[in-house]
1. When the distances between all Cα atoms of the stretch 100-213 are binned every 10 Å from zero, what whole-number percent does each bin get?
2. Which residues in the stretch 57-82 place their backbone N less than 15 Å from a point set 7 Å from the Cα of R151 along the Cα-to-Cβ direction?
3. What is the spin-label model distance, in nm, from L204 to Q44 if the labels are put 7 Å beyond Cα along the C-beta direction?
4. Would you calculate a helix-derived [θ] at 222 nm for the chain, using -39,500 (n - 2.57) for each DSSP H run of n ≥ 4 and dividing by the full residue count, to the nearest 500?
5. How many angstrom separate the Cα center of the stretch 181-201 from the Cα center of the stretch 143-157?
6. In terms of modelled amide H atoms, which long-range or inter-chain residues lie less than 5 Å from the amide H of H45?
7. Please work out how much length the chain gains when fully extended from I69 to E116, using 0.36 nm per residue of separation minus the C-alpha to C-alpha distance, in nm with one decimal.
8. Using a basic spin-label model with each label point 7 Å from the Cα along Cα→Cβ, how many nm lie between E133 and Y107?
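Bear in mind these aren't lab numbers, they're just calculated from the coordinates by the rules spelled out. Given the structure is predicted, the values throughout are model-derived calculations rather than measurements. Backbone-built Cβ (ideal geometry, glycine too); neighbour counts: all protein chains shown.
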Amino acid sequence: MNEISIKERILTEASALFAKFGLRSISMDDIARHLGMSKKTIYQHFSDKDEIITLSLKRHLAGERNHLITLKREAVDSVDFLIKLNHFVLKYTNQTNPAILFELQKYYMEAYELLEEFGRNFLLQIVFENLQEGVNEGNFKLESNLEVMARMRLQQCSMPLDDNLFPRTTFKPEEVSFAILDHFISGIATEKGKKLYQRYRAKLEKNSFTTIL
């Protein structure tokens, strides 16, 4: 196995451990034991656990960026993309251990800054551009302050992840996420945009019901 493959394997397996058990609870010993290799081998590729966490997150965000670009390309229009983005956030919510975000912010600031930068730059830009397209399509109101709306929508997307605001023991993330999106659409969409949204939502609910059956 070449050097790159070893490094990629360490990142892949360490990421899986972090996702399952959290960041703080996994040690370099745990990673080495899980991989069946010595800590010396791991330290030949990474200076410490912090570097593994940072590079794992960097790789993960690159994949998420590519996925969102694909979703944007495949979206029928600006309204459809907002729904697809909502699904993306839901998937992320369901797959993410809430403790990881807390641990990143408190103990691994270099990695957390990558996450913040991803939101401030890439996510904000793709949401803003989508709202601009929506205005051009006649789906969103021309008089809306798109910069404010994009930042607000981005903040809304993270709300279902807040376990203090919406405890998962009480609230279903899907219901919270779509309730928030419904409210956003009611404020920014034109009549044309609202009709499209209702049509896409009805189709989505029909497909979900068919899947359940």
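1. Each 10 Å bin holds this share of Cα pairs: 12, 33, 35, 18, 3.
2. The answer is none, because no backbone nitrogen lies closer than 15 Å to the label point.
3. Result: 4.9 nm between the two label points.
4. Mean residue ellipticity at 222 nm (helix-derived): -24500 deg cm²/dmol.
5. Computed from Cα coordinates, the inter-centre distance equals 15 Å.
6. none
7. Gain in length upon complete extension: 15.1 nm.
8. It works out to 4.0 nm between the two label points.
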